[in-house]
Every structure is written in C-alpha cells, then in structure tokens.
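*Asks:* What follows is a single structure, and I will ask about it in a moment.
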Amino acid sequence: MSTGPGPDATRKARDAARESPDAGGAGRPGRRPAGHDRGRGPAGSDSAAAVADAHRREWAFVLAATARVAGDIDLAEECVQDAYVAALDAWSRQGVPRNPGAWLTTAARRRAIDALRRDRTLRGKLPLLVEPSQPVAGSSPPAPAPGEDDVIPDDRLRLVFTCCHPALAREAQVALTLRLVCGLTTTEIAQAFLVPEATMAARVTRAKKKISAARIAYRVPGAAELPDRLDGVLTVVHLLYTTGHTAPAGENLVRDDLVERAVDLARMLRALMPDEREVRGLLALLLLTDARRATRAAADGRLLLLAEQDRSRWDRDAIAEGIALVPGSLRGGLPGRFALQAAIAALHAEAPSYAETDWRQIVRLYDALLAVWPSPVVALNRAVALALAEGPEAGLAQIRELERDGRLADYRYLPAAKADLLRRLGRRDEAAQAYGAAMALTENDAERAFLGGRIAEVRGQPDPGRATS
Amino acid sequence: MPEYLILIYEDENGYANASPDVFQQVMEAHTRFAQQVEEKSGKIVSGNALQPTSTATTIRGDVVTDGPFAETKEALGGYYLIQARDLDHALDIAKLCPARFGGVEVRPIMDLSGG
C-alpha cells in the first residue's frame, strides 16, 4: 500500500505545525541557520513547528538513511512517518533535540529493525538493492550529521538517483521524487499535477514495484554514467519548477509549493554535489527565475510579461545569490544547458529595463545553448531575443521556420510569440488570429485572460490595412 | 545473481532481404557479444534465435491459428537469458546486444523462491 495511514499521520503533524503561530520559519527553505539549532521551547506549538520544519528539511535525509536499514522502500516510508508522529509527542514533552534529523533517523531506523525482527516476511515486500557505500566521483558529501548513538551516512543522493532512474518513466520519476525525497503525500502530488488521486497512487506503486522487481540499485552512479544520470535528475527538478511556475490549468498562475520544493531540491543537490557545474547552473536558474515570481501577475491575476514587470519588486537577495553562482557554472569546459539558461536569466535580472537588456549577448548565449541542446523551444526563445536585438522581422522569419519544422505544433508559446511580433509590426488581423491559436492551446486562466485581452486590443483598434479601404 | 531476459525485437524484412555479408556480420556481432558479456562480469545462461513469425502458431483457449500472437512491425526474433548484478548492469550488457533491424527489451525474471 502506497497510501497507508502513514501519510495522513505525517500531514497531521504538519497541519498541527501550520496552525501554530511559530510555523512561519518553516516556510523559508534552505536558509538553515548555522548549526541549525532551534530553541528548546517546551511549548507544544514550538515542537509542532520544529516537526514541520524537520519534515521540510530532513525528510530526504531520514528516509534515505532508513531505506538502507529497512532494505524496503515501503517499510522505510512507514517507519519514517511513524518517527515524525512520535516526534510530535516526544519533542513537546522533552524539548526539540539538538539535531532533529539524527533523532528522527534513529527513531525510524529502530522501528525498521523492530519491524524486520517481528515479521521476517516484510523483507520480501519491496526489497531494495542496497550497495555498500563507495566514494562518489566528482562530489564530496558533507560530513554525516552526528547521531545520538551512531553515525548516519548521508544517503540522499542514492535516494535521488534511484527516484530519477532512466528506467522509470519521467512522470514516475517526478512523482517518486516528490513522494520519497520531499515527503509529499500522494494526495498532494495528485493535486499538484491535476490527476486523480487513484491515478497518482497507481503511478507511485508501479514505480516502486519496478525498482524492486527489476532491481534498480540504491546507489549513486559511477563516474562514467554520472553526467547522463545527473542530467536526468536535474531535468526532474526543473520540470517540477516549471510545472509550479506556470500551473498547467486552473486559476493560479504559480503553484508556490512545487516551486519551493524545486528550489529546495536544487539547494540540496548543490550542497551534496558542490563540484557539479550543472547543479550550480540549475540552482542559479531557479533562483533567478523565481526572483521574479511576485511580479508575474497583476493584482487582478492578469499575466504580466517580462517587459511589464515591476523590476523594483524583484527579489534582490535571490538575484544576488543566483548571479554569484553563474560564473562557476560556466567555467571549466563547455557550459551545460542549465548554466547557459542561468546566464541568460542573469542578464535579464541585471538589466535596468526590458529595453536596456543586452539582447545581443542573450542571442549569443542562445546560440551556445542551441549547440548543446538543439531544442525547438530554445530556438523559439532565441527568435524572440533576436526580434529584440534586430527587429520583429528577423524574429518572425525564425518563427516561420519553426512553424514549418512542426515539432512545436501544440506549443502555446509559438503562436503567442508570433502574435506579439505581428502586433508590433501593426499586422493586427494576423496577430489576432495567432493570439487565438495560442488561446486554444492553454487551459491556464491567467494566460487565457492575457491572450483574450490582447485579442481585444488588436481587434479594438482600426486595422490600418482596412481603414483605407 | 538475478536473471534478466533480453528480448530482441527486429524488423523481419531486414533479414529476409539481407545479403550473405550482412548475415556474416550479424553472426560475428553475436559472437563478440558473448565475449563482451564475460568481460562485463555478466553471464549468458542461454540464448537462441527464433525462426521468423511466418512459422509461428498461436493458441488462445483451444483455438489454434496460424501466425504470431500479435502482428507487429518488429517481432521477437531471439533472446538471451543473462545473469547480472542489477538493472544497471543488465542494461549495460543489453546495450551491446546486436539488434541492427530493431532493438531489445530487458525484463527481470520473476524470483519465485520467496527469498
């Protein structure tokens, strides 16, 4: 059972924490104070907040370390969920431990060992192929957190690489990562991706069964495989971000929780693999894109384009953090696709206005990006930048080529970008038609409202071509 | 070590129209594959090529019909049963398996020992 009582219990712990006045601190991911000491406040609300905080920060660490002992994914999940519930009670009576992650891991591992002793048949449920620890090429994991009675190895990378194994379908990789690495419930994941809960539960169960039956090893890939496998992991994190950034349907343009989870994951990967340039690039890209989050929609929910956004409201801290990561991600060989996208986002973030953006440099970065990542979506973005560097006609010519190519036939931003260039050229009828084509391809309400507004705008004013006839 | 079945799916026309040279190359490729599996510390338990689907007979219930179970452009043409440490190891081996007119599918063998 992938949707046992455990997730509900975990949610109960988190809900309790959310209701507490002190829960705000859990909302800022990755800003872990040095030593992450928390007050030993005996009050229940403090301990509930600490449990919620530990759920956010430590879930992956605790589950990854417990999976090694349990040798079974489902058993590990149940034990970790039980440990969080136990913490809710224990921490309110005894105070929050100095190292919540170690406390939880110890509790979860004890439960796993007890369960294995009690019922040997559990071992055969979803057995996990745990390989002994080995040094990871190109990375230096941080020193394991000091445990209360033993040293706990940091197995989070094993967990991430297992969830994102290429033998699993992309949608399963995404679901498993949210479930096992981020600790989301199946209900929450189903809601985030707008699929029925039963569908998501089946997807998670099927993926776990494949890990077990096909014997996908619980390990970090060796140096030879690492670049490809890491790209798969980064793609999953980026997909989580973009899904949250532009929710595929519904009223809200941004689904904050997915976005924050993606940034959390990127921070975690950066901490675990500090030497990997693409990890650095991905974190920079997410920070720089997310810095604009508050300005992407007007008060009435209307979508605001980059050109219209209030740059004074961009998150300068996130921008500074993102920009600081970019040089290191570009240096030391051919830059990867995340580093190059981060470099483009950095140029946007640094520009005082849309008009004063260094569009020519952006076009050059898109050229480099196309060389390492020949994607029609990249080509479309390049066309938009080219239109700003050299005029709408130049961009339009590129877009026509992409239309002939056909791979973006269902991609709403192709007709939307084309419409915008046509509008700027005063070709209003063609622009309205293209905006309509884009509208037919999106179910996001904010995007539909934006496109509808643009259609009214280009239709509302007299078409210069018709005015004379 | 766990066992995996590598199923070789290929377009049968590829072989129907192949020259003796191509057949020779395919035979050599399979000989080389057997060596490579050993070099990769895997083991071929067994392996065979199958006669084309035109020779197949299908039975559903007690109805016997001429032809393969499912008509597909690429049909099962052969297999290897291998031993490998885990899926990554099996995939590493399967990537070397010759299938010039198609591809291969890797399936874990179900462990019924209850261990």
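The values are calculated or read from the model by the stated rules, or taken from the named source; none is laboratory data. The model shown is predicted, which means the values in this text are computed figures rather than measured ones. Positions of Cβ are generated from backbone atoms using ideal geometry, with glycine treated the same way; all protein chains shown enter the neighbour counts.
*Asks:* For segment B:72-115, enumerate the residues that are among the basic types (Lys, Arg) and within 11 Å of chain A (Cβ to nearest Cβ). If you could, list the steps in order and put the result at the bottom.
*Replies:* First, the residues of segment B:72-115 that are among the basic types (Lys, Arg): B:73, B:85, B:95, B:100, B:107.
B:Arg85, B:Arg107 - these are the residues of segment B:72-115 that are among the basic types (Lys, Arg) and within 11 Å of chain A (Cβ to nearest Cβ).
*Asks:* State whether one or more residues within segment A:222-244 are among the polar types (S, T, N, Q), modelled with pLDDT under 95 and more than 26 Å from A:Ala318 (Cβ to Cβ).
*Replies:* Going residue by residue through segment A:222-244, those that are among the polar types (S, T, N, Q) are A:235, A:242-243.
Next, only the ones that are modelled with pLDDT under 95 stay: A:242-243.
From what's left, more than 26 Å from A:Ala318 (Cβ to Cβ): none.
Looking through segment A:222-244, none of the residues is among the polar types (S, T, N, Q), modelled with pLDDT under 95 and more than 26 Å from A:Ala318 (Cβ to Cβ).
*Asks:* Please go through segment A:301-322 and give me each residue that is over 18 Å from A:Leu369 (Cβ atoms) and in a helix (DSSP H, G or I), ordered by number.
*Replies:* Within segment A:301-322, the subset over 18 Å from A:Leu369 (Cβ atoms) is A:301-305, A:307-321.
A:Ala307, A:Glu308, A:Arg311, A:Ser312, A:Arg313, A:Arg316, A:Asp317, A:Ala318, A:Ile319, A:Ala320, A:Glu321 - these are the residues of segment A:301-322 that are over 18 Å from A:Leu369 (Cβ atoms) and in a helix (DSSP H, G or I).
*Asks:* In segment A:245-265, which residues are among the hydrophobic types (A, V, I, L, M, F, W, C) and at pLDDT 85 or above?
*Replies:* Here is the first cut: in segment A:245-265, the ones among the hydrophobic types (A, V, I, L, M, F, W, C) are A:247, A:249, A:253-254, A:258-259, A:262-263, A:265.
The answer is A:Leu258, A:Val259, A:Ala262, A:Val263, A:Leu265.
*Asks:* Looking at A:Thr187, A:Thr199, can you tell me which residue is surrounded by fewer than 20 Cβ atoms within 10 Å (Cβ to Cβ), assigned by TED's automatic domain parsing to the domain that holds A:Val259 and either at pLDDT below 95 or not β-branched (Val, Ile, Thr) (or both)? Working first, answer last.
*Replies:* Details: A:Thr199 fails: either at pLDDT below 95 or not β-branched (Val, Ile, Thr) (or both).
The match here is A:Thr187.
*Asks:* Looking at segment A:252-300 only, could you name the residues that are among the basic types (Lys, Arg) and assigned to a loop (DSSP other than H, G, I, E, B)? Write out each step before concluding.
*Replies:* Taking segment A:252-300 as the starting set, the residues that turn out to be among the basic types (Lys, Arg) are A:255, A:261, A:267, A:270, A:277, A:280, A:292-293, A:296.
Those that are among the basic types (Lys, Arg) and assigned to a loop (DSSP other than H, G, I, E, B): A:Arg255, A:Arg292, A:Arg296.
*Asks:* Same structure, new question: Being more than 14 Å from chain B (Cβ to nearest Cβ) and either under 24 Å from A:Val69 (Cα atoms) or in a loop (DSSP other than H, G, I, E, B) (or both): is that true of A:Gln173 here?
*Replies:* yes
*Asks:* Find all pairs meeting these conditions: Cβ atoms under 6 angstrom apart; at least six residues apart or on different chains; first residue within segment A:60-80 and of a type in the set (Phe, Trp, Tyr); second residue part of a helix (DSSP H, G or I).
*Replies:* As it stands, the answer is A:Phe61/A:Gly101; A:Phe61/A:Arg156, since those pairs meet every condition given.
*Asks:* Tell me whether segment B:50-68 contains one or more residues that are within 14 Å of another protein chain (Cβ to nearest Cβ) and closer than 18 Å to B:Phe33 by Cα. Reasoning before the result, please.
*Replies:* As a first pass, look at segment B:50-68 and keep what is within 14 Å of another protein chain (Cβ to nearest Cβ): none.
Taking every residue of segment B:50-68 in turn, none turns out to be within 14 Å of another protein chain (Cβ to nearest Cβ) and closer than 18 Å to B:Phe33 by Cα.
*Asks:* With the requirement that a residue be part of a loop (DSSP other than H, G, I, E, B) and in contact (Cβ under 8 Å) with a residue 40 or more places away in the chain, what does segment A:194-225 give you?
*Replies:* A:Leu194, A:Ala214, A:Arg215, A:Ile216, A:Arg219, A:Val220, A:Pro221, A:Gly222, A:Ala223
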